[in-house]
1. The stretch 2-388: Rg/Rh from Cα coordinates, Kirkwood Rh?
2. Which angle between 0 and 90 degrees, to the nearest 10, do you get for helix 43-54 versus the longest principal axis of the chain when only C-alpha atoms count?
3. With a 10 Å Cβ neighbour count serving as the proxy for reagent exposure, in which order, fewest first, do Asp72, Asp311, Asp106 appear?
4. Please list 3J(HN,Hα) in residue order for the stretch 102-118, calculated via the Karplus relation 6.51 cos²θ - 1.76 cosθ + 1.60 where θ = phi - 60°; whole Hz, with x for glycine and proline.
5. Compute a Gaussian network model of the chain, connecting alpha carbons closer than 10 Å, and tell me which residue from Arg105, Arg268, Arg172 fluctuates the most.
6. What is the gain in length, in nm to one decimal, between His133 and Gln98 on full extension, counting 0.36 nm per residue of separation less the C-alpha to C-alpha distance?
7. If you build a Gaussian network model of the chain, linking Cα atoms that sit under 10 Å apart, which residue out of Val325, Val62, Val123 swings the most?
8. Whats the longest run of the chain with zero chymotrypsin sites (Phe, Trp or Tyr not before Pro) that are DSSP loop and have at most 13 other Cβ atoms within 10 Å?
Amino acid sequence: MFYHFTKFRKISMAQVSLIFACVFTLSIQSSQAFAALLDGMFDDFEETLSQSLSKNGEKLTVGNFYTPERSDSHGPIGMMGEHTHNEGEFMFSYRYMQMEMDGIRDGTSSRSPMDVRNQGFGVVPTYMRMQMHMFGAMYGVNDTLTLTAMLPYIRNTMDHVAGMPLGAAKFRTKTEGAGDLKIGSLWRLYAFEAPSIGAHRFHMNFTVSLPTGDITHKGTTPVGVIRLPYPMQLGSGTVDLMPGLTYGGAKGNVSWGFQTLGTYRIARNKAGYSKGDAYEVGAYGAYAWTNWVSNSIRFKWKQWFDYDGEDRRISQTLPNGSRSVFTADPDRRAGKQLDIMGGVNFLLPEILGLEHRLGIEGGVPIYQNLDGPQLETDWAFTIGWQVIN
Ligand SMILES: [Cu+2]
């Protein structure tokens, strides 16, 4: 079945760009009709709710997506596409993200480098650091549709032990460059609010990831200069679809949200594989101490699957194929993970009529189950700056 899809890999970047230009042009033109369609969908729900609210002398407001300027009117900075913009609003953002992976895990238990050597792997990765500079833009086309774009610049570092006895040789590999460009759209679906029930807003996410990140990076290893294993590459090499659904609520000093996002690879890449599909489900709560500072706590469940196919330039340049290092094995990539994260958002004073926001969020996994051996995640954080007109 997958072979039908592999034909898509022959689509060139120019064709992909043309398709998306058309999709977005159509999207913008149909967004008004889409908004009208949604208006009719919740009639019964609205009637029941507004009847019960009117007993308390309250009025139900439907379709108001305008958020007050508050530190927590954006979600935690580690989330993407969790807020929408009103017509004509521009936002530019910069995020720095870092993730540390120290030690090895198989399933839910730790493994020593020696355990991994005894499984037949000659070279054992022991540590990886991912650093990412993420540049983003958002634009409110109208009060239904927000367009987004994100481009990461990535730096990966991985340490390994090898040799006899194990550790007699150590080496580090590095890769650096642009990652995959993500072009997205956020569609406001439905909003309702009343004083006693707070505000509730729903939107749909639809992002397309384009293969701008290099997947052929080489590095120096004890067996020579070779194409580096999968986690060191900077992109997926495929056009990936990322649909999602986001909900945000607020009442008084408290706000909360829910988001689910999927990643579907529609074809194998030119190197002969596709990364695994993935999905995540997350929820957060935030408390605004004042208008300009809020704290948040977030939980995120993520699952991702093994690769389909393989890059022969990765597996076959190694002495025992993919068995010489687990990061080169396309069947040892899957995992699931539950993260807990704490964050802080600041709404800063306006400068030249521009709204400034600063957010910091950091977290650790509280559950990790890897189709290993694989490097395990220890912690990650994001610090970001947002400027809105
Ligand atoms: Cu924004």
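Read-outs throughout are calculated quantities, based only on the coordinates presented, and are distinct from any laboratory measurement. Every value quoted in this text rests on a predicted model; they were computed, and no experiment measured them. Virtual Cβ from ideal backbone geometry, glycine too; neighbours counted across all protein chains shown.
1. On the way: Rg = 23.1 Å, Rh = 22.7 Å.
Taking Rh as the inverse mean 1/r over Cα pairs, Rg/Rh reads 1.02.
2. Compared with the principal axis, the helix lies near 60 degrees.
3. Values: Asp72 29, Asp311 25, Asp106 19.
So the ranking, lowest neighbour count to highest, is Asp106, Asp311, Asp72.
4. For the stretch 102-118, the Karplus-derived couplings read 10, x, 10, 9, 10, x, 9, 10, 6, 10, 8, x, 5, 4, 5, 4, 5 Hz, x marking Gly and Pro.
5. Judging by the Gaussian network model, the answer is Arg172.
6. Details: separation 35, 0.36 × 35 = 12.60 nm, distance 0.90 nm.
Working it through step by step, the gained length comes to 11.7 nm.
7. Val62
8. On the way: sites that count: Tyr66, Trp289.
Value returned for the longest uninterrupted segment is 67-288.
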